[in-house]
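First up is the structure itself, then whatever we jot down about it.
The values are calculated or read from the model by the stated rules, or taken from the named source; none is laboratory data. Keep in mind that what you see is a predicted model, and the values were worked out from it rather than measured. Here the Cβ is made from the backbone with ideal geometry for all residues, glycine too, and neighbour counts use every protein chain on show. Protein only, heavy atoms only, side chains kept; ligands, DNA and RNA dropped before computing areas. Shrake-Rupley method; radii C 1.70, N 1.55, O 1.52, S 1.80 Å.
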Amino acid sequence: MTNPAVDRAVALARAIPKAELHIHIEGSLEPELIFALAQRNGVTLPYASVEALRAAYAFTDLQSFLDIYYAGASVLLQAQDFHDMAWAYFLRAKADNVVHAEIFFDPQTHTARGVPMATVVQGLASACRQAEAELGVGSALILCFLRHLSEEDAFATLEEALPYREHFIGVGLDSSELGHPPEKFERVFARCRELGLHLVAHAGEEGPPEYMWQAIDLLKVQRIDHGVAALQDPLLMAELAHTRLPLTVCPLSNLKLCVVRDLREHPLKTMLDAGLCVTVNSDDPAYFGGYLNANLEQTVAALGLTEREVVVLARNSVEASFVSDSQRASLYAAVNRVVAAFELKD
Ligand code: HPA
Ligand code: ZN
């Protein structure tokens, strides 16, 4: 069944320039590249083939995904591996009209295996430079602490990363949410704030609204990653509408990790209707069935989002980015040019 209004909104969603603000670079590692890097590095994988690995991507919750995601990352050993992984992401991002990406990386996943921090950061940073120069895609890196590890481990990771401070703009908090509330990391986030780093945290993906309040009040984050649990707390919805603290929502991730049963039940439209600064992102696109445009296309179709709502999502992604005022103005201008080309009125 075709619906011309939905078709137009999908076409606009594909074409419109946007920022991606919630992408774990290790989650962009496609099975083909996992096998190629395993061969290059002499790593033995517990899967016989690309198909066998892909067949294991049937997740029941966040933890069932994380177990396989950390196993996939074990093939990354050299700076060139990190570069190749990020470059493959940038090519996909460019194809989806992503003009700016703020990219998470999980250094503890690598340093725990004996990979030096310098290898991780320098491999990623060189791909970011190449993306700017050759594709015109801007980017920045955000270092994530693994919340299933201790705050002491996070402090040690921060110390190890500080010699490479120029290569990352902020810190985040990811991995297993339940049982690891933001309050566990209050001191290390305070230290990062003193250092002038941007602050974000995953909260309200599987965890309760209380974890989102902690991220706001204790960690003093500037964005929340996921945040779909906000729907359970009217006071929190009112606060988010008032402050416009951005939420980086990931619809296909929520579907694949069984946070929602069906995309038609996804709360994104309710959040937009409530005036929240929500953005759409891919989270771990190699594992969840699609990059940014796939997330937008499927969500637009499932929720019947309008062209106007697609424009709001693109503008929200610019509003929520950690870019300079002049970069933000040029990102808005790029959005406006496509809005004009689609003959949409402001
Ligand atoms: N949630 C928590 N940790 C993660 C995720 C996620 O969606 N992706 C990669 N690490
Ligand atoms: Zn995430």
What are the radius of gyration and Dmax of region 4-341, computed over its Cα atoms and given in Å? 18.7, 55
Based on a Kirkwood Rh over C-alpha pairs, give the Stokes-Einstein translational diffusion coefficient of region 225-346 at 4 °C and viscosity 1.567 mPa s in µm²/s. 86 µm²/s
Quick tally, 1.4 Å probe accessible area for Lys220, Lys18, sorted with the most first, runs Lys220, Lys18
For region 4-341, averaging the sequence separation of alpha carbon pairs under 8 Å that lie six or more residues apart and dividing by its residue count, the contact order in percent is 23 percent
To check you understand DSSP bridge types, tell me what percent of the beta bridges within region 4-341 (both residues inside) are antiparallel, rounded to 5. 0 percent
Return the single residue from Ala238, Ala320, Ala215 with maximal mean-square fluctuation; model: Gaussian network over the chain, springs between Cα atoms under 10 Å. Ala238
Carbon/sulfur fraction of accessible area - the chain, other protein chains in place, 1.4 Å, %: 53 percent
Net charge of neighbours whose Cβ lies under 13 Å from the Cβ of Asp96, counting Lys and Arg as +1 and Asp and Glu as -1: +2
Calculate for the chain the 222 nm mean residue ellipticity that helices alone would give, adding -39,500 (n - 2.57) per DSSP H run of length 4 or more and normalising by residue count, nearest 500 deg cm²/dmol. -15000 deg cm²/dmol
Per the Kirkwood treatment, what hydrodynamic radius in Å, one decimal, follows for region 281-346 from the mean inverse distance over all distinct Cα pairs? 13.2 Å
Taking only C-alpha pairs under 8 Å that are 6+ residues apart, what is the relative contact order of region 211-346 in percent? 19 percent
Can you give me the Rg/Rh ratio for region 115-162, using Cα atoms for both radii and the Kirkwood formula for Rh? 1.09
For region 1-93: relative contact order, % (alpha-carbon pairs under 8 angstrom, 6 or more apart): 37 percent
In Å², and per residue, what accessible area does the chain have when probed at 1.4 Å with the other protein chains present? 39 Å²
Packing rank of 65-71, 335-341, where each peptide gets the mean count of other beta carbons within 10 Å, highest leading: 65-71, 335-341
If one puts a single equal scatterer on every Cα of region 75-214 and applies the Debye formula without solvent, what log₁₀ I(q)/I(0) results at q = 0.15, 0.17 Å⁻¹? -0.77, -0.96
Dipole size in debye (nearest 20) for region 163-285 around its Cα centre, Lys and Arg Cβ +1, Asp and Glu Cβ -1? 280 debye
